[in-house]
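Novice: What follows is a structure written as C-alpha cells; I'll ask about it next.
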Amino acid sequence: MKELEKLRQEIDQLDRRLLELLHRRFELAKAIGEIKRREGQGPLDLSREREVVRKLLDLNRGAFPEDSLRAVVLEIINACRQAQEPTRVAYLGPEATFSHMAALEFFGHSTEYVPLESVLDVFEEVESERARFGVVPVENSIEGTVSITLDAVSQYRVKVCGEVYVPISHHLLNQTGRKEDIRKVLSHPHALAQCRRWLRKNLPSVAVEEVASTALAARWAAVDPSVAAVASPLAARTYHLQVVAKHIEDYRGNVTRFWVIGKETPSPSGRDKTSLFFSVSDRPGALYAVLRAFAERRINLTKIESRPAKSEPWRYLFFLDCEGHVEDPGLSECLEEVRRHCLHLEWLGSYPRGDL
C-alpha cells in the first residue's frame, strides 16, 4: 500500500505540474494573440498548428498512445487559439452529423459551432463572414465526390484552407434497439448507398427514405418509434437512441474527406496540397499539355476529375489536387505554364495535408 500511495502522490505532483504548464501555455497564446492583432494577423495558423502536432508525435516515438496524444494536443491548441480570438465554425448539421465530427476533430470542443441545413448554407455563412470557417464533405472513399461541394467552391468567394479525414462507420439506431419495431429507415443518400446490401438483406420489406443528413434521420427516430436511422455512434449518444446493429456499411475502411473553407490561406508547411479548377480548349493534346507541366516537374497529382460546365452543355471543367503549396517555387512555375494551356484556371486553395 505504501508503494501504491507513493505512486499516486507522484501522479498528483505531475498533474499539478501539467496544470501549471497549461496555464503558462495559455498566457503565451494570449500574448501571441495580442501581437497578431497589432500586426493585423488572423489567430489561425494551420501550418504552425499541424507542425506542432507532428513534432510532438515524432518526439513521442509511440511511448504514449498516438491517437490519444494527437487528440489531447489538438484540444490544447484549440483552447489556446480561442484565447486569442473566439472562432465560429459552420457545418452541415444538425448536431452529430459526420460533418460535425469532422469539425470537432479539426477545431476541438472549445469552438463555437453553427449547424446549418445544407452545404450551400455553409458556403454562404463563410462568404458573408458570419462564420470564420466552414466544414463540408468533399469526397468519400466509396461513393466518390460530393458534387455540390465541388460546384460550390468555385461559385463562392472562399478558399480551401484545410482538410480532415474521418473514418465512417454506420450504425442502425432506433428507440428500442429491436429490429422488429422498424417500419421505415431514414438517412443521408450517401449513407444509404454505403449500407445498401446490408439493408436489402436484413430489412428487405422496410421502406428506405432519404433525408438531408444522418443526424436529421436520428432526430426523426428519436420522436417516432417506427423509424430507424442509419447514423453515427455520436448520433446515438446525442439523441439517446439504442443500437439495433453496428457497422452495417457494406465495405470496411470507408473514409470521408472534409474541407475546411474560409478566407485565409495557410503558409507553406512542407506537407501541403493545392486544389485547382481548370478548363482547356477542345483540341487534341490540350489536357496532355497541362498534365505534362506537372509530370516534368515531378509534382504528384493526388486527384483529377472532370465536372460538367454549368454554363455550356457538353463542356467540362477539370478538378485537380496536387502536392505542394502555391507559394512553392516549383509549383508556382508549373502553374504559370499551365495557365498558358488553359482557357480558365482557378486556384481553390493551398493547405496542410490531412492525416489519413
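The values are calculated or read from the model by the stated rules, or taken from the named source; none is laboratory data. No experiment lies behind these values; they were computed from the predicted model shown. Methodologically, a virtual Cβ is constructed for each residue, glycine included, from the backbone with ideal geometry; neighbour enumeration extends over all protein chains shown. Side chains included, ligands, DNA and RNA excluded: accessible areas come from the protein's heavy atoms. Shrake-Rupley method; radii C 1.70, N 1.55, O 1.52, S 1.80 Å.
Novice: Given the criterion at negative phi, modelled with pLDDT of 90 or more and either of a type in the set (A, V, I, L, M) or loosely packed, with under 12 Cβ neighbours inside 10 Å (or both), identify the matching residue among Arg24, Arg38.
Specialist: On the way: Arg38 fails: modelled with pLDDT of 90 or more.
The conditions single out Arg24.
Novice: Pairs needed: first member in segment 65-88, open to solvent by less than 20 Å² (accessible area, probe 1.4 Å); second member anywhere, assigned to a helix (DSSP H, G or I) and of a type in the set (Phe, Trp, Tyr); C-beta distance under 7 Å; at least 6 residues apart or different chains.
Specialist: Pairs that qualify, where the first residue is open to solvent by less than 20 Å² (accessible area, probe 1.4 Å) and the partner is assigned to a helix (DSSP H, G or I) and of a type in the set (Phe, Trp, Tyr), are Asn78/Phe107; Cys80/Phe26; Thr87/Phe107.
Novice: The conditions are (1) modelled with pLDDT of 95 or more; (2) open to solvent by 40 Å² or more (accessible area, probe 1.4 Å); (3) among the acidic types (Asp, Glu), and Asp355 fails exactly one of them. Which is it?
Specialist: Failing condition for Asp355: (1).
Novice: Inspect all residues belonging to segment 332-341 and state whether any of them is under 25 Å from the mean Cα position of the chain (by Cα), within 29 Å of Arg48 (Cβ to Cβ), open to solvent by 30 Å² or more (accessible area, probe 1.4 Å) and outside the structural domain of Leu57 (by TED's automatic domain parsing).
Specialist: No; the residues of segment 332-341 include none that is under 25 Å from the mean Cα position of the chain (by Cα), within 29 Å of Arg48 (Cβ to Cβ), open to solvent by 30 Å² or more (accessible area, probe 1.4 Å) and outside the structural domain of Leu57 (by TED's automatic domain parsing).
Novice: What pairs come up if the first residue lies in segment 1-26 and is in the same structural domain as Ile76 (by TED's automatic domain parsing) and part of a helix (DSSP H, G or I), the second is surrounded by 10 or more Cβ atoms within 10 Å (Cβ to Cβ) and of a type outside the set (Phe, Trp, Tyr), and their beta carbons are under 8 Å apart, counting only those six or more places apart or on different chains?
Specialist: As it stands, the answer is Leu22/Ile76; Arg25/Ile76; Arg25/Cys80; Phe26/Ala79; Phe26/Cys80; Phe26/Ala83, since those pairs meet every condition given.
Novice: Scan segment 287-303 and give yes if some residue there is under 25 Å from Glu105 (Cβ atoms), of a type outside the set (A, V, I, L, M, F, W, C) and part of a strand (DSSP E or B), otherwise no.
Specialist: So far as segment 287-303 goes, yes, one or more of its residues are under 25 Å from Glu105 (Cβ atoms), of a type outside the set (A, V, I, L, M, F, W, C) and part of a strand (DSSP E or B).
Novice: Additional query: Which of (1) part of a helix (DSSP H, G or I); (2) not assigned by TED's automatic domain parsing to the domain that holds His344 is the odd one out, the single condition Val260 does not satisfy?
Specialist: Going through (1) part of a helix (DSSP H, G or I); (2) not assigned by TED's automatic domain parsing to the domain that holds His344 one by one, Val260 breaks only (1).
Novice: Where in segment 198-247 are there strands (runs of 3 or more DSSP E), lying wholly inside it, with at least 1 residues that are aliphatic (A, V, I, L, M) and surrounded by fewer than 18 Cβ atoms within 10 Å (Cβ to Cβ)?
Specialist: Details: elements: 207-210, 227-231, 242-245.
The qualifying strands (runs of 3 or more DSSP E) are 207-210, 242-245.
Novice: Here are Glu105, Glu125: which of them is within 15 Å of the chain's Cα centre (by Cα) and not hydrophobic (A, V, I, L, M, F, W, C)?
Specialist: The conditions single out Glu105.
Novice: Go through segment 120-152 and count every residue that is open to solvent by 10 Å² or more (accessible area, probe 1.4 Å) and either among the charged types (D, E, K, R) or free of Cβ contacts under 8 Å to residues at least 60 places away in the same chain (or both).
Specialist: Let us first name the residues in segment 120-152 that are open to solvent by 10 Å² or more (accessible area, probe 1.4 Å), namely 120-121, 124-125, 127-130, 132, 137, 139, 141-148, 151.
Subsequent filtering for residues that are either among the charged types (D, E, K, R) or free of Cβ contacts under 8 Å to residues at least 60 places away in the same chain (or both) retains 120-121, 124-125, 127-130, 132, 139, 143-144, 146, 148, 151.
Residues meeting the conditions: 15.
Novice: Okay, next question. Return the total of residues in segment 41-64 being of a type in the set (A, V, I, L, M, F, W, C) and open to solvent by 30 Å² or more (accessible area, probe 1.4 Å). It would help to see each step written out before you state the result.
Specialist: To start, the set of residues in segment 41-64 that are of a type in the set (A, V, I, L, M, F, W, C) comprises 44, 46, 52-53, 56-57, 59, 63-64.
Those still in the list that are open to solvent by 30 Å² or more (accessible area, probe 1.4 Å) too: 56, 59, 63-64.
Residues that pass the stated criteria total 4.
Novice: Separate question: Starting from residues that are touching a residue at least 24 places away in the same chain (Cβ under 8 Å) and surrounded by fewer than 16 Cβ atoms within 10 Å (Cβ to Cβ), keep the ones in segment 248-267 and report whichever is nearest to Val206 (Cα to Cα).
Specialist: Checked segment 248-267; the qualifying residue nearest to Val206 (Cα to Cα) is Tyr251.
Novice: If you don't mind, there's one more thing I want to ask. Name the one entry in Ala229, Ala221, Ala236 that is over 17 Å from Ile168 (Cβ atoms) and of a type outside the set (S, T, N, Q).
Specialist: Being over 17 Å from Ile168 (Cβ atoms) and of a type outside the set (S, T, N, Q) holds for just one of Ala229, Ala221, Ala236, which is Ala221.
Novice: Please enumerate the residues belonging to segment 304-331 that are among the hydrophobic types (A, V, I, L, M, F, W, C), surrounded by 17 or more Cβ atoms within 10 Å (Cβ to Cβ) and assigned to a strand (DSSP E or B).
Specialist: Residues satisfying the conditions are Leu317, Phe318, Phe319, Leu320, Cys322.
Novice: Could you grab me the full set of residues in segment 172-187 that are of a type in the set (A, V, I, L, M) and more than 11 Å from Ala217 (Cβ to Cβ)?
Specialist: Ile182
Novice: Which of the residues that make up segment 167-193 are in a helix (DSSP H, G or I), open to solvent by less than 30 Å² (accessible area, probe 1.4 Å) and under 19 Å from Val138 (Cβ atoms)? Spell out the reasoning first.
Specialist: We begin by selecting, within segment 167-193, every residue in a helix (DSSP H, G or I); these are 179-181, 189-193.
Retained after the next criterion (residues that are open to solvent by less than 30 Å² (accessible area, probe 1.4 Å)): 191-193.
Across segment 167-193, the qualifying residues are Ala191, Ala193.
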